[in-house]
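Notes follow the structure.
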Amino acid sequence: MRIGVAGVGRIGTMHATNLATLPSLEQVVLFDPVPGRAAASAAALGERARAVDTLDELLTAADGVLLATPTDTHPEMLRRAVAAGVPTLCEKPIAGDLDTMRALVAEVEASGVQVLVGFQRRFDPAVVELHRRIRSGELGTVYLARAIGHDAQPPDFGYLPASGGIFRDLLIHDLDAVPWLLGEPVVEVYASGSVLVHEAFAQADDVDNAVVTLRFASGAHAVLAGGRQDALGYDHRIEVLGSKDSLAVGLDPRTPLTSLEPDGPRVAADAYPGFTERFHRAYLNEMAVFAEVVAGNAENPSPARESLVSLELALACEQSRRSGQPVRLEPAAVTA
């Protein structure tokens, strides 16, 4: 099997490196629109990698392709991959606006080609196990989900105007993961945000700390909190409380959190510095699962249609933040 990677920036290079560790792969094929970039990356990866000069060459050479190029290139490149009949994993989002995404999802589904969206938390082994336990009924009735997502350092301020804002850029992962975990529609959203880290966020018409409350059709709630700076390190956790059990993921010796209880955890010297370290297992598993989907041996855990849910919720969050009012939503099915 040969898997292609389009775009060998930081994320694409990480994915290509992880793909090269899979014993089922014969070759990783690389393409980047910047001349010489793919060749340099292929040379660094060694004999199991090679570079091509065009996207068409990549689609011809690969059994599956991963798109890790800038967001504004995703719709065209995904359409070309689907037209070529090549299973694709596209980094989120597959499109920058809801209308384009809806049209693209319809095209993908009509084609029958497998398209996975790169929400890495769906591939994290601990989150996958949490999903299994919730769906199997082991937690009983779900009362509450809590998710915390804090960057260690804020992004480059020049990126902010094009980021889409905190809900579409940072909290989009939780807006995908939590409804997927609970498996039911969100009927109401309330969001609030503040600028506490740097005035650059206000200048970009954004906030750097935000809290979201989701109410689900069953009456269960979720509280999501996200921030752009944590002095101790990168922190992402999910907790789910049910009538039979309460479970957490992301709580381990590298979690940047200090307990004041005598026997509680202390922040370790190697607290997670960023998302690539925190979700290392997730990214490795994402590539392994993608290869299995390409081979026809696994179901798609992150289909294109489900990525509509998180974007719709992110837009509702922004509407609520600006209006100061909750936003009611029409229930929409969330598949397992």
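Residues of the range 13-33 that are in a loop (DSSP other than H, G, I, E, B), within 18 Å of THR69 (Cβ to Cβ) and modelled with pLDDT of 95 or more: ASP32 alone. Could you check, for the range 283-304, whether at least one of its residues is closer than 30 Å to ALA231 by Cα, of a type outside the set (Phe, Trp, Tyr) and either modelled with pLDDT under 95 or open to solvent by less than 40 Å² (accessible area, probe 1.4 Å) (or both)? Yes, some residue in the range 283-304 is closer than 30 Å to ALA231 by Cα, of a type outside the set (Phe, Trp, Tyr) and either modelled with pLDDT under 95 or open to solvent by less than 40 Å² (accessible area, probe 1.4 Å) (or both). When LEU116 is tested against the conditions (1) within 21 Å of the chain's Cα centre (by Cα); (2) farther than 18 Å from GLU299 by Cα; (3) not acidic (Asp, Glu), the lone failure is (2).
Of the residues making up the range 63-72, not one is open to solvent by 40 Å² or more (accessible area, probe 1.4 Å), of a type in the set (S, T, N, Q) and either more than 19 Å from LEU98 (Cβ to Cβ) or modelled with pLDDT of 95 or more (or both). Being open to solvent by less than 40 Å² (accessible area, probe 1.4 Å) and in a strand (DSSP E or B) is a condition met by no residue of the range 311-324. Entry remark, the range 181-204: residues being open to solvent by 10 Å² or more (accessible area, probe 1.4 Å), of a type in the set (A, V, I, L, M, F, W, C) and closer than 15 Å to VAL223 by Cα number 3 in total. Among what's in the range 92-119 and is of a type in the set (Val, Ile, Thr) and either assigned to a helix (DSSP H, G or I) or open to solvent by 40 Å² or more (accessible area, probe 1.4 Å) (or both), pick the residue that is nearest to GLU306 (Cα to Cα). Ranking the candidates gives VAL105 first.
The values are calculated or read from the model by the stated rules, or taken from the named source; none is laboratory data. Everything numeric in this text was worked out from a predicted model, so none of it was measured. Positions of Cβ are backbone-derived with ideal geometry, glycine not excepted, and every protein chain shown enters the neighbour counts. To get the accessible areas, we keep the full protein, side chains included, count just its heavy atoms, and leave off ligands, DNA and RNA. Shrake-Rupley method; radii C 1.70, N 1.55, O 1.52, S 1.80 Å.
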